[in-house]
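Trainee: Let me give you the structure first, and then I'll get to my questions.
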Amino acid sequence: MSEDSNVRYICFSCGQWFGGRLFAISREFQRIRFTVDGPEVDVEDWENFEYYCSASCLEARKELVMERVGVPIRPTSIGPIEKCAKCRCVLRRTNFNLAYVEAEYSDNTMDGKFMVRSNVLSIVCVICNPDCPF
């Protein structure tokens, strides 16, 4: 059993302590590589903002979190070109860009947490987010 399986979190929405399945909103540097097997997302670095015990708790705070960081929610596709959520300049998804992501993680007792699914809320260019610590 891994040490991660005993980790407990407090939900930023309802305030309950929980373990196991985890939902989070984060920002990360990511790019998309298009391979013969389909698109693959590379993540260079990330920062989680808040943790939640359920999808409904994440949903209840998503707009507030994105408003707090000053980025509008503009869902993206898995295509090679996207627009910055703030200034609407064209971004190549094959280059690393700052992405705001909602994700679900499952508890794997062998290796700790692993991502079950993720959804990009917005992509932002470096000019629009100069205070990014990455």
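Each value in this text was obtained by applying a stated rule to the coordinates, not by laboratory testing. This is a predicted model, so every value here is computed, not measured. Backbone-built Cβ (ideal geometry, glycine too); neighbour counts: all protein chains shown.
Trainee: Output ³J(HN,Hα) for the stretch 77-83: one whole-Hz value per residue in order, computed from phi by the Karplus curve 6.51 cos²θ - 1.76 cosθ + 1.60 with θ = phi - 60°, and x for Gly and Pro.
Mentor: Computed from phi, the couplings for the stretch 77-83 are 9, 9, x, x, 10, 8, 10 Hz.
Trainee: Oh, and also: Quick one: what are the phi-derived ³J(HN,Hα) couplings along the stretch 31-45, Karplus 6.51/-1.76/1.60 with θ = phi - 60°, whole Hz, x for glycine and proline?
Mentor: Karplus values, whole Hz, x for Gly and Pro: 9, 10, 10, 9, 10, 5, 8, x, x, 10, 9, 9, 10, 8, 7.
Trainee: Once label points are set 7 Å from the Cα along Cα→Cβ at both GLU59 and ILE10, what is their separation, rounded to one decimal in nm?
Mentor: 2.6
Trainee: What is the set of long-range amide H partners of LEU91 at a cut-off below 5 Å, with H atoms built 1.01 Å from backbone N?
Mentor: Under 5 Å from the amide H of LEU91: GLU82, LYS83, CYS84.
Trainee: Here's another thing I want to ask about it. When the Cα centres of the stretch 86-104 and the stretch 18-53 are compared, how far apart do they sit, in Å?
Mentor: That distance is 12 Å.
Trainee: Provide the FRET efficiency to the nearest 0.05 for the VAL43-ARG117 pair, computing r from the beta carbons and using R0 = 25 Å. Numbers along the way, then the final one.
Mentor: Numbers: r = 14 Å, r/R0 = 0.57.
Computed FRET efficiency for VAL43 and ARG117: 0.95.
Trainee: Also, I was wondering about something else. With +1 on each Lys and Arg Cβ and -1 on each Asp and Glu Cβ, how big is the dipole of the stretch 1-59 about its Cα centre, in debye rounded to the nearest 20?
Mentor: That gives the stretch 1-59 a dipole magnitude of about 240 debye.
Trainee: Using a basic spin-label model with each label point 7 Å from the Cα along Cα→Cβ, how many nm lie between ARG92 and VAL69?
Mentor: About 2.4 nm, to one decimal.
Trainee: Here is a follow-up. Rank VAL90, VAL101, VAL36 by mean-square fluctuation in a GNM of the chain with C-alpha springs under 10 angstrom and give only the top-ranked residue.
Mentor: The residue that fluctuates most here is VAL36.
Trainee: Could you check the spin-label model distance between THR35 and SER77? Points 7 Å from the Cα along Cα→Cβ, value in nm.
Mentor: 2.3
Trainee: If you place +1 on the Cβ of every Lys and Arg, -1 on the Cβ of every Asp and Glu, and leave all else neutral, what size is the dipole of the chain about its Cα centre, to the nearest 20 Debye? Before the final figure, lay out each step's value.
Mentor: Details: 16 positive and 19 negative charges, 119 e Å.
Roughly 580 debye for the chain.
Trainee: Let me know the shape class of the chain, please: from the alpha-carbon gyration tensor, a ≥ b ≥ c as square roots of the eigenvalues, rounded when a/c is under 1.5, otherwise prolate if a/b is greater than b/c, or oblate. Don't jump to the answer; show the numbers that get you there.
Mentor: Numbers: a/c = 2.24, a/b = 1.42, b/c = 1.58.
Oblate, since a/c reaches 1.5 and b/c is not below a/b.
Trainee: So, one more: Please give the peptides 28-35, 77-84, 93-100, 46-53 ranked by average Cβ packing (other Cβ atoms within 10 Å per residue), highest first, as a rough proxy for protection.
Mentor: Result, highest mean first: 93-100, 46-53, 28-35, 77-84.
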